[in-house]
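Enquirer: The following block contains the structure, expressed as structure tokens.
The values are calculated or read from the model by the stated rules, or taken from the named source; none is laboratory data. This structure is a prediction, so every number in the text was calculated from the model and none was measured. As a convention, Cβ positions derive from the backbone with ideal geometry for all residues, glycine included, and neighbour counts pool all protein chains shown.
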2 protein chains.
Amino acid sequence: MTMPKGPQAFPRAEYLRRLALVKAKMEQREVTSLLITSPADITYLCGYTAKSAYIPQGLVISLKDEEPTFLTRRMDAPAAVHQTFMERDRVIGYPEALIADPDKDGFDALINFLRDDGLGGGRLALENNLLSAKLIDRFQAGAPGTKLADFSNEVPWIRLVKSDLEIEMMLEAAAITDAGMLTGKEVMRPGVREADAAAEIIATLVRGVNGKVGTDLRRVFICASPRSGTAHIIWTEDVFRQGSQINLEMGGVRHGYVSALMRTYSIGKPSDRLRRVHDAEVAGMEAALSAVKPGATCGDVAVAFNTTLKKHGLEKESRCGYAIGIDWTEPTASLREDDHTVLQPNMTFHLMLGNWIDEDFGYVISETFRVTESGAETFSALPREIFEI
Amino acid sequence: MTMPKGPQAFPRAEYLRRLALVKAKMEQREVTSLLITSPADITYLCGYTAKSAYIPQGLVISLKDEEPTFLTRRMDAPAAVHQTFMERDRVIGYPEALIADPDKDGFDALINFLRDDGLGGGRLALENNLLSAKLIDRFQAGAPGTKLADFSNEVPWIRLVKSDLEIEMMLEAAAITDAGMLTGKEVMRPGVREADAAAEIIATLVRGVNGKVGTDLRRVFICASPRSGTAHIIWTEDVFRQGSQINLEMGGVRHGYVSALMRTYSIGKPSDRLRRVHDAEVAGMEAALSAVKPGATCGDVAVAFNTTLKKHGLEKESRCGYAIGIDWTEPTASLREDDHTVLQPNMTFHLMLGNWIDEDFGYVISETFRVTESGAETFSALPREIFEI
């Protein structure tokens, strides 16, 4: 019996559109064959989201073929048949004996496939930043006489500008994020263990909203007093107390796409210090969002934020955001003063204004937004408040 | 104000014991200074579990110092002060300006630190398998005149044999895993969405049991008809149906340590084919566990399993297990016929008997176990049954 195709997150035409952008870049770089190994790039170009990236796998794109070919271990080939948009013969499962063999691995299957495919008649590109030098040497040996090209971050730069279909997916994810944040407001109470609150919040992120389930789960950060000065503790065995401050960061997921959000919660009346920081950061956020428009740069947005924050007597050491989409943190544009990336419609960013001011005191607020024809559209419907409990 | 130390998962003596093993290996390899970049190795050697490994960070171990030094971005230093066993001056936060700078990054801070530290007076070792060639060249430039050593997988091999304290932690994790599996039995019903069941199962894994919360979350795989032939789909938007088969794999987590488990569920009477496969696999599992004893090899266990399975007219293409601990899949010993690793007391393995027989039909069962003085001790209290719903 064969595995049926599952429901597709995007129509075939959307994947072909993305592939056309990648192929244009391949032509420009004079490569005929491209091996994609970044899990996010693989999701972007064929729809595969199963969790097998801890073993060698790769998506081969050839200028001579309309569809790419995905090679993964045999165990995961049925998932790829089910999830990807390609014809089933475009999924190849390599033998399980290659897993944990000290002498060879799944990259040998990829190298052999590329060789048999004749490298599409020319030159091979790899995402070098994700591969060891030893591995690149093996690909070179498999492609004798050709000079390999480095395609590091080329696909993430293409991913930076979303299609309307991708924006729709991120809006669905954002609605889930909002629901998770509101669950937090309900369940975080004095005497409740952080883990018990995390369980409820995460359950909301998985159940989803409006008939759209959360299709995956990313990190949920619950940094509560005395840990409000930390950024990346997920939760602890501790309980919330009267007077606790809680910094939440989370993101719902739809078919690989995440929409992130941060809000600060206070059990009881927020301190004057917390209110002052909040007011400054919200003013900075408004200034940053006002600076967003096609033609402005990432740096312009950061300058608007930093200038406003300084007027309020505060500074933020870390960058104030980054591109977001399939990866929570896309490895391309940053909202920092020296980033000259020019904003275009449908670029999406996480305007991340977490500010860890003292070792034991931090504040968080953020918005995920897209660049529109005339400004910025934020994805969350939640107020920019300190959530009082 | 300063960040207080959090409650420690292990006593200081346990970390010093682990460090002593690593330092002995350093002496044997004639290195004086070691940079650890594997997140699991960092957790093992200092107790840090916050999620910052997507940026450069590293734990420096020097023969001349009792305690290691952890360098991470400034934003994450308070979490490290809170979580690790070391004195607070052993945590160094590098400037946030190094994040997303195109010209330099946090590894420059690490290189400068190592240089100022004089490499402990001699030679530096790196976990090369986790670093790009370009990065290794940068460390070489920072340590002129010295020949770098490759410490790839040295620490994971030390991690393979657990202490009694680590076993205790894995048993706590296993109790959480069992609770998650039993939640699955309660909530998977005809008409229920897979995501809704996932939400309840995951909430159980986070809440934990016996007053011990789940301190982290790893993947939960829910591969239900028509996807029982897949191994690594987490869940879908589909609903369970009368007659559905569901393959579950999950693992509770305690302070970094995971204990994994797989069971097959059937809504309604299992098919004869499923029962036959189950009987064969359970016989194979018993044979494999009977082959476990100090002095036997990983290969002996795999041979016992494969031989028994074949007697029942079945084969399993993939390896039948792997070392487990902080990583779900430790990169060291495998239960495959050609792995000659000699079993020692307190090595821990996931005896992973998932068998994806056809594209649309697979079966799963597993046990996480430790090697004892005389045999094997499995961590789960659940029966080796097809769970009928």
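Enquirer: Could you check segment A:352-364 and list, in sequence order, the residues that are assigned to a strand (DSSP E or B) and in contact with a helix residue (DSSP H, G or I) (Cβ under 6 Å, 6 or more places away or on another chain)?
Expert: A:TRP356, A:TYR363 - these are the residues of segment A:352-364 that are assigned to a strand (DSSP E or B) and in contact with a helix residue (DSSP H, G or I) (Cβ under 6 Å, 6 or more places away or on another chain).
Enquirer: What residue, of B:ALA174, B:ALA179, B:ALA198, B:ALA203, is assigned to a helix (DSSP H, G or I) and either among the polar types (S, T, N, Q) or away from chain A (no Cβ under 14 Å) (or both)?
Expert: B:ALA174
Enquirer: For the subset of segment B:145-171 comprising residues that are among the β-branched types (Val, Ile, Thr) and outside any helix (DSSP H, G or I), which member is farthest from B:PHE369 (Cα to Cα)?
Expert: B:THR146
Enquirer: Then there is this: Which residue is nearest to B:GLY325 (Cα to Cα), if the candidates are limited to segment B:7-41 and must be within 14 Å of another protein chain (Cβ to nearest Cβ) and either in contact with a Pro (Cβ under 9 Å, 6 or more places away or on another chain) or surrounded by fewer than 19 Cβ atoms within 10 Å (Cβ to Cβ) (or both)?
Expert: The extreme case among them is B:ALA40.
Enquirer: If we keep just the residues of segment A:65-80 that are more than 7 Å from chain B (Cβ to nearest Cβ) and among the aliphatic types (A, V, I, L, M), which is nearest to A:ALA24 (Cα to Cα)?
Expert: A:LEU71
Enquirer: Please indicate, with yes or no, whether at least one residue in segment B:139-146 is under 29 Å from the mean Cα position of the chain (by Cα), crowded, with 17+ Cβ neighbours inside 10 Å and in contact (Cβ under 8 Å) with a residue 40 or more places away in the chain.
Expert: yes
Enquirer: Do we find that B:GLY58 is within 19 Å of B:GLU87 (Cβ to Cβ), of a type outside the set (Phe, Trp, Tyr) and within 14 Å of chain A (Cβ to nearest Cβ) in this structure?
Expert: no
Enquirer: Now, a different point. Can you name every residue in segment A:27-80 that is more than 24 Å from A:LEU217 (Cβ to Cβ), of a type outside the set (S, T, N, Q) and assigned to a helix (DSSP H, G or I)?
Expert: Matches in segment A:27-80: A:GLU27, A:ARG74, A:ALA77.
Conditions tested, residue by residue: (1) closer than 22 Å to B:ARG263 by Cβ; (2) among the hydrophobic types (A, V, I, L, M, F, W, C); (3) within 26 Å of the chain's Cα centre (by Cα).
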| residue | (1), (2), (3) |
| --- | --- |
| B:ALA125 | no, yes, yes |
| B:ASP137 | no, no, no |
| B:ASP164 | no, no, yes |
| B:GLU172 | yes, no, yes |
| B:GLU186 | yes, no, no |
| B:ASP196 | yes, no, no |
| B:LYS212 | yes, no, yes |
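Enquirer: Whether any residue in segment A:169-191 is surrounded by fewer than 16 Cβ atoms within 10 Å (Cβ to Cβ) and free of Cβ contacts under 8 Å to residues at least 12 places away in the same chain is what I want to check.
Expert: Checked segment A:169-191: no residue is surrounded by fewer than 16 Cβ atoms within 10 Å (Cβ to Cβ) and free of Cβ contacts under 8 Å to residues at least 12 places away in the same chain.
Enquirer: A:LEU314 passes all but one of (1) at pLDDT 95 or above; (2) within 30 Å of A:TYR48 (Cα to Cα); which number fails?
Expert: Answer for A:LEU314: the failing condition is (2).
Enquirer: Go through segment A:230-246 and give me each residue that's more than 12 Å from every other protein chain (Cβ to nearest Cβ) and part of a strand (DSSP E or B).
Expert: A:GLN245, A:ILE246
Enquirer: Go through segment B:81-105 residue by residue and tally those that are more than 8 Å from chain A (Cβ to nearest Cβ), assigned to a helix (DSSP H, G or I) and over 14 Å from B:PRO4 (Cβ atoms).
Expert: 3
Enquirer: Working only within segment B:179-231, note down all residues that are hydroxyl-bearing (Ser, Thr, Tyr) and in contact with a helix residue (DSSP H, G or I) (Cβ under 8 Å, 6 or more places away or on another chain).
Expert: Once the filter is applied, which keeps residues that are hydroxyl-bearing (Ser, Thr, Tyr) and in contact with a helix residue (DSSP H, G or I) (Cβ under 8 Å, 6 or more places away or on another chain), segment B:179-231 yields B:THR183, B:THR204, B:THR215, B:THR230.
Enquirer: Okay, moving on. Taking the conditions exactly as written (buried (at least 21 other Cβ atoms within 10 Å of the Cβ), of a type outside the set (A, V, I, L, M, F, W, C) and closer than 17 Å to B:VAL206 by Cβ), does A:GLY256 satisfy them or not?
Expert: So A:GLY256 fails the test.
Enquirer: Right, something else. Hey, can you tell me all the residues within segment B:87-120 that are without any contact (Cβ under 8 Å) to a residue 12 or more places away in the chain and surrounded by 18 or more Cβ atoms within 10 Å (Cβ to Cβ)?
Expert: B:ALA100
Enquirer: Now, a different point. Only one of A:ARG227, A:ARG219, A:ARG207 is of a type in the set (Lys, Arg), buried (at least 19 other Cβ atoms within 10 Å of the Cβ) and closer than 17 Å to B:LEU205 by Cα; which?
Expert: The match here is A:ARG207.
Enquirer: Something else about it: In the set B:ARG227, B:ARG263, which member is of a type in the set (Lys, Arg), in a strand (DSSP E or B) and either within 30 Å of A:VAL91 (Cα to Cα) or away from chain A (no Cβ under 14 Å) (or both)?
Expert: Exactly one residue qualifies, and that residue is B:ARG263.
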